[in-house]
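Input: a single structure, listed below in structure tokens.
The values are calculated or read from the model by the stated rules, or taken from the named source; none is laboratory data. Here the structure is a predicted model, which is why all the values come from computation and not from measurement. So basically every Cβ, Gly included, is an ideal-geometry build from the backbone, and we count neighbours across all protein chains shown. For the accessible areas, the whole protein counts, side chains as well, though only heavy atoms, and no ligand, DNA or RNA atoms are used. Shrake-Rupley method; radii C 1.70, N 1.55, O 1.52, S 1.80 Å.
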Amino acid sequence: AYEISTRDWSSDVCSSDLLGKATERRPGLQAVAATVPAITLDAFVYDLGNPAPDLVKIDVESAEPLVLAGARRLLSEKRPRLVIEVHGPRACHDTIADLLARNYRITMLAKEGRIAVTAADQLRSRFRKNKWTYHLLALPT
């Protein structure tokens, strides 16, 4: 298993961190820690020789721009489709700006339907204290 990161390193992953409040609701649940290698998507594909993915799902709690930074070559050469859960207005802005610059067509998947996203700041006004995440579909053009 690998953790996808902006750089190559080892990371300590603890199930209590991943499960968050779930451990509080389930008293018998034990936290388990493991050290896993963390690599960029570019290193996973180009250095390790793994096949390039056709689809990448990103849900990294406001680190979306960092994942994209570690996938520059993959996004330029293989152009996978992306499903991204963006967290917060800053990460959302930076993610959209990066993808628009790479000629990706972005759609927000919302309760009211699909909304075309054509500007980095377009979704900023949607963020509220009780609504901090949105889902984007990014397709290469």
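Determine the order of 94, 54 by accessible area, beginning with the largest, at a probe radius of 1.4 Å.
Details: 94 50, 54 110 Å².
In descending accessible area the options line up as 54, 94.
Roughly how large, in nm² to one decimal, is the mean projection of the convex hull of the alpha-carbon atoms in segment 78-141? Walk me through the numbers on the way to the answer.
Numbers: hull surface 16.3 nm².
With the hull built on Cα positions only, its mean projection is 4.1 nm².
For the pair residue 122 and residue 48, how long in nm is the line joining their label points, each one 7 Å along Cα→Cβ?
Distance between the two pseudo-spin positions: 3.4 nm.
Taking H as built 1.01 Å from N, whose amide H comes closer than 5 Å to the amide H of residue 62, not counting residues under 5 places away?
Those qualifying (amide H under 5 Å, at least 5 residues apart or on another chain) are 87.
Around residue 117, which amide H atoms from residues at least 5 apart in sequence, or from another chain, sit under 5 Å from its own amide H, with H modelled in the peptide plane?
Amide H neighbours of residue 117, under 5 Å, 5+ apart: 106, 107, 108.
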